[in-house]
Amino acid sequence: MKRFRDNERGVAMVTVILVGAAMTAVVSVAAFAGVQEFRTVTDDKKASAALSYAESGVDRFLQYMRLGSVSWNKLQTAGCEKPALPIPEGVVGNGTFNASLTVFDPYAATAADRFPPAACSARPASPRDTGYFAISATGEHPAAKRIVQQVVAVSSIGLPIGFAAQSVNSNGDADMSGVSIFSRGRIIGRGKLDLAGNNPFYTLDDFWPDNSWPAGLSGSSPMPAATHAVAGILLKTNGSQPEFSTSAPKNCTANKSGGNTNSLWDGDGVYGGGPITSGCSGQVGYPPDSRFDQSDYNRIAPKELDLYERSVLKEAAKTYGLYCYIPLSGSASCTRQGTGGLSMTTDVAPILSSGTNNFVAYFEYQAGGNITNQNIDWNSSVWTSGEPGGCSYDPDLNKSVVVVVENGGVRISSNAQINGALLLDGDFDYTGTPSINGTIMARDLWVRGTGNFTLNSCWVQNMPGPFLSAETSNWSEIDR
């Protein structure tokens with residue numbers, strides 16, 4: 001057997017050492033790479049979690065808007081006259097998110113000008129037009145942070161701005177300013193109403209699109225407050241004496257006040273017609289005709305609450321306002337700002353005293369009852385004292401309520417004052433002398449006594465969240 005010589009033994013030893021060193025280096029590099037890859041994966045997971053938290057902030061803000069917690073004016077002043085509009089910090093596991101909203105101008109020439117203060121000058125004057133806003137949300141996870149931005153387009157959704165009902169019955173001398181009344185059925189007792197001023201939301205083009213107007217008017221001129229009934233307008237409370245006829249397509253004297261000629265702008269689907277070729281004393285210009293048919297109604301006041309909107313409003317009432325469920329038999333149960341187990345109530349003073357100025361009160365009658373006989377007796381006041389119509393242009397001061405009654409209606413009692421909206425499946429009725437500034441949608445609308453009804457530009461500028469639509473557009477990650 002061959003034996004290794006001494007020099008051969010030395011070469012073998014060096015070779016073994018070199019191979020061992022190489023293997024050690026390879027193993028060290030592999031171990032280092034493995035540690036780095038593990039750290040990268042961990043960092044990516046943390047960063048992904050932070051991004052998810054930031055996206056949760058955007059989603060929470062959109063939910064906050066859909067729950068009716070903000071008005072048009074509160075959005076419009078965010079980052080301009082008022083600070084950026086925030087929502088409370090959210091905590092998810094060991095992560096957090098914060099989100100806030102400001103006015104945004106997507107058409108600005110530079111990125112800096114898209115945000116306040118430069119963007120403030122690009123705001124639309126009315127929720128008729130689309131306003132743009134930027135939601136900035138920061139998500140934080142231990143050792144990771146992400147910031148995202150979501151652009152939101154907001155405008156009115158098409159609920160009628162004024163009064164809308166299947167029929168209107170008036171036997172009281174109510175005063176109405178700025179109110180447009182829409183009826184799919186008849187308006188009875190028009191001669192007992194006194195409508196004055198202009199509706200702050202609708203224009204002449206809404207009622208007569210693409211019409212040529214006499215001097216002093218244009219399609220963008222505000223629509224005078226008036227009545228509009230698909231099934232006809234009757235002057236007498238007993239349902240007699242149509243307001244219009246073929247030979248007299250206009251009426252200057254239907255208002256109870258002889259000096260008020262807003263009735264020139266009334267529209268009638270049965271007795272109305274045209275053309276109108278002259279105006280009335282005290283009115284600038286005149287409409288082309290006195291016609292108001294179903295297509296006009298569908299175009300101007302086409303929207304009613306759908307199931308999704310009802311569910312959103314119901315959740316808003318439970319969380320921020322007042323929600324009551326009223327069964328066909330047994331006792332009603334109410335939840336006020338998340339606290340359940342309350343007896344039937346319409347007292348909203350605790351909500352206002354908690355600092356919640358704008359909220360939803362939702363009353364749900366169990367299905368199957370007689371809608372006409374199921375009525376909430378409402379006597380609470382939600383009103384900004386010292387302001388015309390109980391409405392303040394300052395969104396931090398303004399108080400408003402959206403009252404929804406599912407499978408029922410509302411009877412306003414005493415001298416309640418309401419700035420907001422009443423959205424009813426059943427009837428609207430009242431006693432005393434209430435003051436209501438805003439919108440009413442009902443099955444039948446009864447006007448009695450000497451109530452005061454207004455719709456002013458302050459209400460439009462503070463249009464409640466349920467009347468607004470929010471659509472998302474551009475999304476971006478702006479930092480990490």
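Here, each number is a calculation from the coordinates, and none is a lab measurement. From a predicted model like this one, the values you see are computed outputs, not experimental measurements. Here the Cβ is made from the backbone with ideal geometry for all residues, glycine too, and neighbour counts use every protein chain on show.
Here Leu352, Leu322, Leu51, Leu397 are placed in order of increasing Cβ neighbour count within 10 Å, fewest first, which gives Leu397, Leu352, Leu51, Leu322. Cα axis of helix 6-66 to longest principal axis of the chain: angle in degrees, 0 to 90, nearest 10? Rounded to the nearest ten degrees, it is 10. In order along segment 73-88, the Karplus-derived 3J(HN,Hα) couplings, from 6.51 cos²θ - 1.76 cosθ + 1.60 at θ = phi - 60°, round to 5, 5, 5, 5, 9, 5, x, 10, 6, 10, x, 3, 8, x, 10, x Hz, and Gly and Pro are given as x. Translational diffusion of segment 163-467, estimated by Stokes-Einstein from the Kirkwood radius over alpha carbon pairs at 10 °C in a medium of 1.306 mPa s, is 80 µm² per second. The string of couplings for segment 444-454 from the Karplus curve (6.51, -1.76, 1.60, θ = phi - 60°) is 10, 10, 9, 10, 10, x, 10, x, 10, 10, 9 Hz, one whole number per residue in order, with x for Gly and Pro. Remark on Gly409: its backbone amide H falls under 5 Å from those of Gln374, Asn375, Ile376, Gly426, Asp427, a criterion applied only to residues 5 or more positions apart or on other chains, H modelled at 1.01 Å from N.
Structure note, pairs Lys74/Lys318; Lys145/Lys318; Lys303/Lys399; Lys82/Lys399; Lys256/Lys399: Cα-Cα distances above 27 angstrom occur for Lys145/Lys318; Lys256/Lys399.
FRET efficiency for the Ser414 to Asp306 pair, using the beta carbon distance and R₀ = 41 Å, is estimated at 0.80.
Among Ser52, Ser385, the ranking by other beta carbons within 10 Å of each residue's beta carbon, starting with the fewest, stands as Ser385, Ser52.
Remark on Ile326: its backbone amide H falls under 5 Å from those of Glu364, Tyr365, Gln366, a criterion applied only to residues 5 or more positions apart or on other chains, H modelled at 1.01 Å from N.
The angle between the Cα long axis of helix 307-320 and the main principal axis of the chain comes to about 80°, on a 0 to 90 degree scale. For the chain, adding -39500 (n - 2.57) for each run of n ≥ 4 DSSP H residues and dividing by the number of residues yields -7000 deg cm²/dmol at 222 nm. What's the longest piece of the chain with no exposed chymotrypsin sites (Phe, Trp or Tyr not before Pro), counting a site as exposed if DSSP puts it in a loop and it has at most 13 other beta carbons within 10 Å? Result for the longest clean stretch: 108-480.
Using 0.36 nm per residue and subtracting the Cα-Cα separation, the extra length available between Ser240 and Ser329 on full extension is 27.9 nm.
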